[in-house]
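To start, the structure itself, in structure tokens.
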Amino acid sequence: MKFASEFRDPAAARALLAAIATKADEIGATRQKPIHIMEICGGHTHSIFRYGLDKLIHEGIEFIHGPGCPVCVLPMARVDECVEIAERPGVIFTTFGDAMRVPGHKKSLIRAKSEGADIRMVYSPLDALELARRNRDREVVFFGLGFETTTPSTALSIQQAAREGLTNFSVFCNHITVPEPIKALLDDPDMTLDGFIGPGHVSMVIGIHPYDFIARDYRKPLVVAGFEPTDLLQSTLMVLVQIGEGRAAIENQYARVVPEHGNPVSLAAIADVYERRPSFEWRGLGEIDASGLRIRRKYGAFDAEEKFGIGYAASSRNVPEIEGCACGAVMTGKMKPTQCPQFGIGCTPEMPLGALMVSSEGACAAYWQYAGARAAAE
Amino acid sequence: MCLGIPGRITAITDAGRLMAMAEVSSVRREVNVACIAGNDIDALVGKWALIHVGFAMSIIDEEEAASTLEALRELGEAQETLEQMAHSQEALQ
Ligand code: SF4
């Protein structure tokens with residue numbers, strides 16, 4: 001049967017699913033009155049859909065897909081600014097491939113590239129740095145996008161550029177942080193969240209303590225998880241056990257990779273290069289306090305916002321999203337992707353209308369990609 | 001972009017800049033090891049690390065590396081990362 005062949009360790013998965021079912025019954029979770037568990041990280045969302053975990057799990061457990069896909073929460077205005085920078089003469093604009101197809105108001109980066117802008121997909125900011133070394137007469141801009149897992153890489157690259165005295169390298173910093181949007185969601189009276197599965201690779205950098213406020217101030221459990229299916233099931237079980245015992249704590253299921261206090265070198269580099277913006281705009285979620293980073297003054301020579309006078313600080317806020325797009329409602333778990341009027345009609349992975357359709361970590365793209373597998377599991 | 005991929009450090013290429021050669025699914029790629037170097041960068045040779053956008057972020061054991069790689073393959077993320085590495089080489093030209 002499908003189930004057995006899908007899991008590398010089917011016996012372990014089966015045992016965990018059974019244990020979850022027992023716990024869920026014990027705490028009275030039902031289809032009508034489900035326990036809502038948010039997986040924050042887009043990698044977890046992808047894994048849940050890939051294995052159909054939301055279908056295999058006890059019906060009283062509902063996964064709410066969190067805002068942890070940096071591409072999905074990237075506002076259109078930021079994409080417009082990327083295009084604007086990329087289309088300036090003399091610029092080589094470098095970006096992770098994930099950002100290429102995110103729609104802007106006028107166009108995406110991939111369209112700008114096809115129209116002649118020098119936009120290059122790179123695997124690492126180190127490659128952007130190397131491009132700057134090889135093209136001293138061009139300005140090489142790297143699009144700094146992503147959560148705490150990616151932030152150290154741009155911070156260390158800026159430090160390296162400073163050491164080398166490169167004058168033609170800058171970062172268009174749109175880095176965001178994980179804990180703040182969770183606080184915003186917990187403060188949203190429309191959200192019912194009973195517990196969280198915390199991101200693994202983000203926590204490898206920041207450790208588990210930045211989440212302490214979730215247990216302390218909101219009395220909700222959070223378990224940092226690996227992204228293999230059995231990791232996710234085990235973490236779900238750990239959340240349920242806490243709920244059953246009336247506890248709320250931050251626990252670490254992924255201790256084999258995530259140190260309690262994170263990675264000190266990464267944290268030092270982030271603190272040296274970046275500071276918090278008072279607030280930052282998230283697609284679908286709006287402005288969130290202290291949720292974005294900008295480059296500190298002392299590294300201003302490597303700040304594309306300073307060099308080009310464009311960016312979040314300079315723009316008008318909250319440019320409206322495309323009409324008929326339900327990304328915000330899907331992102332906050334108020335709507336399923338399939339309930340969006342555009343799903344599969346005006347919005348597909350080939351021609352995404354909303355950002356949730358762009359990356360395999362976006363809930364809509366994941367729904368679309370695994371529709372067949374889901375039908376089989378149902 | 002959000003998930004690291006396991007690679008084995010095979011040589012230190014530039015101790016001053018904390019750069020090393022890593023083998024990721026038999027693709028060789030230079031990576032920065034600042035986050036895991038500690039006091040003895042040479043001790044990294046032979047070790048497995050989770051590599052994230054060109055930066056080794058965490059030392060892991062061989063077993064963890066194998067199971068992580070397998071999980072990434074099942075999600076299609078490993079292939080995607082390797083493609084991005086290849087693309088990036090072209091982009092440098
Ligand atoms: S289907 Fe497209 S437009 Fe609708 S919520 Fe998903 S990404 Fe947004």
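The values are calculated or read from the model by the stated rules, or taken from the named source; none is laboratory data. Just so we're clear, the structure is a prediction, and the values are computed from it rather than from any experiment. When we count neighbours, we look across all protein chains shown, and the Cβ atoms used for this are built from the backbone with ideal geometry, even at glycine. What goes into the accessible areas is simple: the full protein's heavy atoms, side chains included, and nothing from ligands, DNA or RNA. Shrake-Rupley method; radii C 1.70, N 1.55, O 1.52, S 1.80 Å.
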If I go through the range A:135-146 residue by residue, how many of them are more than 9 Å from chain B (Cβ to nearest Cβ) and either within 19 Å of the chain's Cα centre (by Cα) or surrounded by fewer than 24 Cβ atoms within 10 Å (Cβ to Cβ) (or both)?
8
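How many residues does the range A:153-170 hold that are of a type in the set (Val, Ile, Thr) and more than 13 Å from chain B (Cβ to nearest Cβ)? Write out each step before concluding.
Filtering the range A:153-170 for residues of a type in the set (Val, Ile, Thr) gives A:154, A:158, A:167.
Then drop every residue that is not more than 13 Å from chain B (Cβ to nearest Cβ), which leaves A:167.
Matching residues across the range A:153-170 total 1.
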Under 6 Å between Cβ atoms, which residue pairs at least 6 apart in sequence (or on different chains) link something in the range A:259-280 that is open to solvent by 60 Å² or more (accessible area, probe 1.4 Å) with a partner that is of a type outside the set (A, V, I, L, M) and part of a helix (DSSP H, G or I)?
none
Determine which member of the set A:Ala117, A:Ala132 is more than 18 Å from the chain's Cα centre (by Cα), over 30 Å from A:Leu267 (Cβ atoms) and within 14 Å of chain B (Cβ to nearest Cβ).
A:Ala117
Got a sec? Which of A:Pro337, A:Pro349 is within 14 Å of another protein chain (Cβ to nearest Cβ) and either within 16 Å of the ligand (Cβ to nearest atom) or modelled with pLDDT of 85 or more (or both)?
A:Pro349
Scan the range B:26-33 and give yes if some residue there is of a type outside the set (Gly, Ala, Ser), free of Cβ contacts under 8 Å to residues at least 12 places away in the same chain and surrounded by fewer than 22 Cβ atoms within 10 Å (Cβ to Cβ), otherwise no.
no
Please pick out the residue among B:Ile60, B:Ile5, B:Ile36, B:Ile51 that is within 11 Å of chain A (Cβ to nearest Cβ), free of Cβ contacts under 8 Å to residues at least 40 places away in the same chain and crowded, with 19+ Cβ neighbours inside 10 Å.
B:Ile36
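Just checking, does the range A:53-65 include any residue being more than 16 Å from the ligand (Cβ to nearest atom) and within 14 Å of another protein chain (Cβ to nearest Cβ)?
Yes.
Is it true that some residue in the range A:217-236 is of a type in the set (Gly, Ala, Ser), open to solvent by less than 30 Å² (accessible area, probe 1.4 Å), in contact with a strand residue (DSSP E or B) (Cβ under 7 Å, 6 or more places away or on another chain) and touching a residue at least 60 places away in the same chain (Cβ under 8 Å)?
In the first step, residues of the range A:217-236 are kept if they are of a type in the set (Gly, Ala, Ser); the result is A:225-226, A:235.
Retained after the next criterion (residues that are open to solvent by less than 30 Å² (accessible area, probe 1.4 Å)): A:225-226, A:235.
From what's left, in contact with a strand residue (DSSP E or B) (Cβ under 7 Å, 6 or more places away or on another chain): A:225, A:235.
Add one more test, that the residue is touching a residue at least 60 places away in the same chain (Cβ under 8 Å), and what stays is A:225.
Yes: one or more hits.
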Whichever residue in the range A:1-55 is of a type in the set (Phe, Trp, Tyr) and buried (at least 23 other Cβ atoms within 10 Å of the Cβ) and, among such residues, is nearest to A:Glu180 (Cα to Cα):
A:Phe49
Against the condition within 9 Å of chain A (Cβ to nearest Cβ), out of contact with any His (no Cβ under 8 Å at 6 or more places or on another chain), within 20 Å of A:Asp127 (Cα to Cα) and surrounded by 13 or more Cβ atoms within 10 Å (Cβ to Cβ), how does B:His87 come out, does it pass?
yes
Just one of (1) within 19 Å of the chain's Cα centre (by Cα); (2) open to solvent by 40 Å² or more (accessible area, probe 1.4 Å) trips up A:Thr95, so point out which.
(2)
Identify the residue in the range A:246-274 that is within 12 Å of another protein chain (Cβ to nearest Cβ) and within 20 Å of the chain's Cα centre (by Cα) and, among all such residues, is farthest from A:Leu233 (Cα to Cα).
A:Ile270
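Can you tell me which residue among A:Val330, A:Val358 is modelled with pLDDT of 85 or more, near the ligand (Cβ under 10 Å from one of its atoms) and within 14 Å of chain B (Cβ to nearest Cβ)?
Details: A:Val330 fails: within 14 Å of chain B (Cβ to nearest Cβ).
Selected residue: A:Val358, the only one of A:Val330, A:Val358 that is modelled with pLDDT of 85 or more, near the ligand (Cβ under 10 Å from one of its atoms) and within 14 Å of chain B (Cβ to nearest Cβ).
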Looking at the range A:12-31, is at least one residue modelled with pLDDT under 95 and within 16 Å of the ligand (Cβ to nearest atom)?
no
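Looking at A:Lys220, A:Lys183, which one is part of a loop (DSSP other than H, G, I, E, B), more than 23 Å from B:Cys35 (Cβ to Cβ), basic (Lys, Arg) and away from chain B (no Cβ under 14 Å)? Can you show your working first?
Values: A:Lys183 fails: part of a loop (DSSP other than H, G, I, E, B).
Matching residue, one of A:Lys220, A:Lys183: A:Lys220.
With the condition kept exactly as written, say whether any residue in the range A:113-120 is among the acidic types (Asp, Glu), open to solvent by 10 Å² or more (accessible area, probe 1.4 Å) and in a helix (DSSP H, G or I). Give the derivation first.
Going residue by residue through the range A:113-120, those that are among the acidic types (Asp, Glu) are A:115, A:118.
Checking which are open to solvent by 10 Å² or more (accessible area, probe 1.4 Å) leaves us with A:115, A:118.
Retained after the next criterion (residues that are in a helix (DSSP H, G or I)): none.
Checked against the condition, which is being among the acidic types (Asp, Glu), open to solvent by 10 Å² or more (accessible area, probe 1.4 Å) and in a helix (DSSP H, G or I), the range A:113-120 yields no hits at all.
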